[in-house]
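Below is one structure, written out as C-alpha cells, with a few remarks after it.
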Amino acid sequence: MEDHSVSHHLNKLDPSPNSRKKRRYNWRRIKINWQLYVLLTPAIIYFLIFKYYPMYGVQIAFKDFRAIDGILGSKWVGFEHFIRFFNTHYFWDLIKNTLGINLYALALFPISIIVALSLNELRDGKFKKTAQTITYAPHFISVVVFVGMIIAFLDPSTGIINNLLGKFGIEPISFMTIPAWFKSIFVWSNEWQNLGWGAIIYLAALAGVDPQLHEAAKVDGATRLQRIWHVNVPSILPTIIILLILNMGNMLSIGFEKILLMQNPLNLESSQVIQTYVYEAGLLHGQYSYSAAVGLFNSIVNFLILIFFNRLARRTGTSLW
C-alpha cells in the first residue's frame, strides 16, 4: 500500500509524456503566433486593471466602511447591509420597476430584427442608404441632448406631441409627471435611439447568407416572405440567440444616466430603479457599504440569470460558452 502511494506521488511529480508533449505544442504555437499575443496584451491589461482589480473593493459590501480606516481596517458586519436592503419597504418597488422596464424592452426585442430584415430586402441603393442613415442617426445623439429633446417634445404647452393631440380635441397631457407614462416613454425612446444600431449586427449576419440558398428557394417557387422566413431567419438565428442571452444577463441592469435625467419627484414611484437607488445611496448620501451591497446583489442576480438562460440556449446548439 505504501509503495503504491509513493509511486502515485512520483507519477504526479513526473508528468506523462503526453502532457509534456501537449505543453511543448502549446508553447510552440505561442512562439509562432507571438504577434497576436502582443496585440492581445493591451486588452488583457485593460481588463485586469479596470475590471478585475476593482473587485478587491467589493468586500466593503460586507463591512461598515469608513474612509479613515480604509477597506482592510473597517469593521466586518457580514450580511447586515443585504438584510437591511431586503427589509426596506421599497425593495419590491425597486425590483418591480427594474424588471418592469426590462421586460417591456424585451418585448420590443424583435423590432430591430424586423428592421434589419426589411433593410436587407431593399434593392434601391439610394433609398436604402437614406433609410439606414435615418435609423442610425439617433444613436449618435448625446443622452443629455436626447432626453432634452424628449422633454421638449412632450411639454404640455409647447411640445409637438401635445400640439398634435390638441388637433384631435385631446387635452394636453403632462407625460413626464405621470408615473404611468414613464416606462412607455423610456422604453420607446430607447428603442428609437438604438433601433438602427441594433439592426447593424443582424445586417452583418445577413450579409453572410449564401445567395445560392435564395436561388434554390426561387426555383422551388418560394415567395419573398417565405424566403425571409425559411432562409434569412434561420441564418441569423444564432446571432439572435446570443444577443437575447446578453439581454437576459442584464435583466436587472438599466443605464441609470437616462433614467436619472428623466426622473422627477412626481414620477419617482415608476422611475426609481436599482441603479438610481445605488447612485442616490452611495454618492449622494455617502452610504458606501450599503450601496456596494445593493450593487453586488444586482450583479449576482444578473449573473445567475445569464447562466440559466445560457444553459437553456445550449439546447438550440448556440450559447456563449
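FYI, it's all coordinate maths here, none of it is from the lab. Not measured: the values here are computed from a predicted model. Because the Cβ atoms are built from the backbone with ideal geometry, glycine has one as well, and the counts that use them run over all protein chains shown.
Here are a few things to note about the model shown:
- Segment 225-321 shape via C-alpha gyration tensor axes, a/c threshold 1.5: oblate
- Estimated distance in nm for a label pair at residue 235 and residue 304, the labels positioned 7 Å out from Cα along Cα-to-Cβ: 4.1 nm
- Remark: 37, 104, 202 ranked as 37, 104, 202, counting other beta-carbon atoms within 10 Å and listing the fewest first.
- For segment 87-171, the list of trypsin sites (Lys or Arg not before Pro) that fall in a loop by DSSP and count at most 10 other C-beta atoms within 10 angstrom reads 123.
- MRE, 222 nm, helices only [DSSP H, n ≥ 4, -39500 (n - 2.57), over the chain, to nearest 500]: -21000 deg cm²/dmol
- Length gained when the stretch residue 72-residue 131 is fully extended (0.36 nm per residue, less Cα-Cα span): 15.6 nm
- From the coordinates of this entry, Rg and Dmax of the Cα atoms in Å is computed, and it appears in (i) 19.8, 66; (ii) 19.5, 63; (iii) 26.8, 96 under the label (iii).
- Phi-based couplings in Hz for segment 57-67 (Karplus 6.51, -1.76, 1.60; Gly and Pro marked x): x, 4, 4, 5, 5, 10, 10, 8, 5, 10, 4
- Zone of residue 165's modelled label, taken as backbone nitrogen in segment 172-216 under 11 Å from a point 7 Å along Cα→Cβ: 172-178, 181
- 3J(HN,Hα) couplings calculated from phi for segment 193-209 with the Karplus curve 6.51 cos²θ - 1.76 cosθ + 1.60 (θ = phi - 60°) are, in sequence order, 5, 10, 4, x, 5, x, 6, 4, 4, 6, 5, 5, 5, 5, 5, x, 6 Hz; Gly and Pro show x.
- Note on residue 92 and residue 149: with the Förster distance fixed at 30 Å, the Cβ-Cβ geometry gives a FRET efficiency of about 0.35.
- Alpha-carbon centroid distance for the pair segment 255-286 / segment 168-210, whole angstrom: 21 Å
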